[in-house]
Each structure stands twice: as structure tokens, then as C-alpha cells.
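Read through the structure below, which is laid out as C-alpha cells, and then see the notes.
The values are calculated or read from the model by the stated rules, or taken from the named source; none is laboratory data. Since the structure is predicted, the reported quantities are computational estimates derived from the model, not experimental observations. Reconstructed Cβ throughout: ideal geometry from the backbone, glycine too, with neighbour counts over all protein chains shown. Side chains are part of the model used for accessible areas, which takes the heavy atoms of the whole protein and leaves out ligands, DNA and RNA. Shrake-Rupley method; radii C 1.70, N 1.55, O 1.52, S 1.80 Å.
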Amino acid sequence: MREAININANHISLPAIENAVRVLCSALDERYSNTLKWESMTEDKLWRELVSCILGSRVRYEVAFAAITHLEEVGLLCQNRRAAHFNQYEKDVLKVLSGALSSCNCYPFYRIRSKYIRLAAEQLFSNHGTIRQFLRDSRNVRDARRRLVSEVPGIGPKQASLFLRNIGYTESIAVLDVHVLSYMNWIGLTDTLLNSVSTMRKYETLEMSFIKHSYSVGYTPDLFDLAVWIVVKVAKEEYKSWG
């Protein structure tokens, strides 16, 4: 995968990339125009999205998706399992992620992610708390993201942004993963090629550049960054196959 990550603007057609992003943005806009927002989502669905983001950090999408699917199939994402007996909850999640309860391969980092999921549940649901109330108590999107990063184990700036985007908390947010960061470098929004962003201050600075760019070409950042992610991921995979 290293070869794919290191491709640069000299090896790609930027006009083709930009055109593909615009076409996909239009398709995504039609598909998600009536998507439910967080205010109308159940706590189970909000928790599923948050756990998906915890599991998705530094793990391929397909692997994280399989893990969240297994957890859902055995009922570990529902209220009566996640909101009490937290130590037992961690053990039950660990069994699923380690592959002990299925014929599938185990999820990488299953011990630490099981712990993160238990700690997140304990943080959010102790004393009858809810994710919805957590979000309502936040002043704005930046406050919500900073609180997620500081208060919920296993959540960094990118994963917090992914969660808030996926639940429709705001359209003015960007998920700066490795593919979006590559795109930003290709079009000149960053001077160097980055694989990740570790600090909130740096993340917010880069995100503002991306948001301004997305609006300048006529699309909201939440849809634009998803389109960029899809297009650049495919472009990298094709580049790798050519090599």
C-alpha cells in the first residue's frame, strides 16, 4: 500500500480526479438529501455509528464493517447490553472481536478496542446519560468534536469528525483521512504529503482550508470529502495495480 500512498500529482490526472469528484458529489447529494439527522436517530443507531468510528481507526473499512456487523448480530449494540455491567460488556465485545464467537478472522487490536468501547459506554451512558444529550450540551460542532476527543476513549480528531458527519450533525465538517490529505497535497492545499493529523489545532487549520475549497467549487464539505475519499481511494488502487 505504500506505493499507492506515495503517488503524487505528477502521476495522476488532476482534471480527471476533479471531474470524478464533482460527478460523485452530485450523485451523493441526491442519495443523501433525505438522510435522517441525529435528532431523529435512536440511541442504538447513534451508538452503532460511534462504535464504528472506534473500530475504523487505522483499520481497513471492510474489516471494521465486518466487526460492527458481528457486534450487531449478537445484540451487543442495544441499550440493555451497553448501559450496564460494563466489565462484562467489555468481555462480551472482546469475544466477538477476537473471533471466538464466529468463524471469521479476528479483528486487529481487539483487546484495546474492546476496552475503548467499554470505556466509551461507561462515559456516555452512566447515570442515565445519552449520546443525544451529550451532543445537545455542546455549543457547536467544534465544541462537540473537542469534547468527543477529550472525553470518549478511542476517538481522535478524524474519528470524531467521521462520527459527526455520519450522523448529520453538521455539513461543515471534513474527515481528513489519508486519502483526503493526499488530495489536499495534490491540489496545493498542503505543502507536504501527510498521512495523518495528530493535534486538534493542526486538524482545524487544515480542515478550514478544505472547507473553503469545497464551498468554492459549489459543494458542502461533508459530501465533498466523502466524494474525495472514494475517488482518491479508487485512483490509488488503480495506480497500485498498474505497478
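Every test in (1) part of a helix (DSSP H, G or I); (2) in contact with a helix residue (DSSP H, G or I) (Cβ under 6 Å, 6 or more places away or on another chain) is passed by Ile155 save one, and that test is (1).
Do you know which of the residues in region 187-233 that are small (Gly, Ala, Ser) and within 15 Å of Ala160 (Cα to Cα) is modelled with the lowest pLDDT?
Looking at the filtered set, the residue picked out is Ser198.
Each residue in region 69-120 was checked for being in contact with a Pro (Cβ under 7 Å, 6 or more places away or on another chain) and charged (D, E, K, R), and 0 pass.
Looking only at residues in region 10-19 that are open to solvent by 40 Å² or more (accessible area, probe 1.4 Å) and either among the aliphatic types (A, V, I, L, M) or not in a helix (DSSP H, G or I) (or both), the one that is modelled with the highest pLDDT is Ala16.
Here the helices (runs of 4 or more DSSP H) wholly within region 30-142 that include at least 3 residues being open to solvent by less than 40 Å² (accessible area, probe 1.4 Å), touching a residue at least 12 places away in the same chain (Cβ under 8 Å) and within 25 Å of Thr170 (Cβ to Cβ) are 43-56, 110-125, 131-136. Just give me the residues in region 179-200 being without any contact (Cβ under 8 Å) to a residue 60 or more places away in the chain, more than 17 Å from Arg142 (Cβ to Cβ) and in a loop (DSSP other than H, G, I, E, B), in sequence order. The answer is Gly188, Leu189, Thr190, Asp191, Thr192, Leu194, Ser196, Ser198. Whenever a residue of region 4-28 is under 22 Å from Thr192 (Cα atoms), its partners that are at pLDDT below 90 and open to solvent by 40 Å² or more (accessible area, probe 1.4 Å), lying with C-beta atoms within less than 6 angstrom and at least six residues away or across chains, give the pairs Ala4/Tyr239; Ala4/Lys240; Ile7/Tyr239. Here Leu176 meets the list (1) crowded, with 19+ Cβ neighbours inside 10 Å; (2) in contact (Cβ under 8 Å) with a residue 60 or more places away in the chain almost entirely, failing just condition (2).
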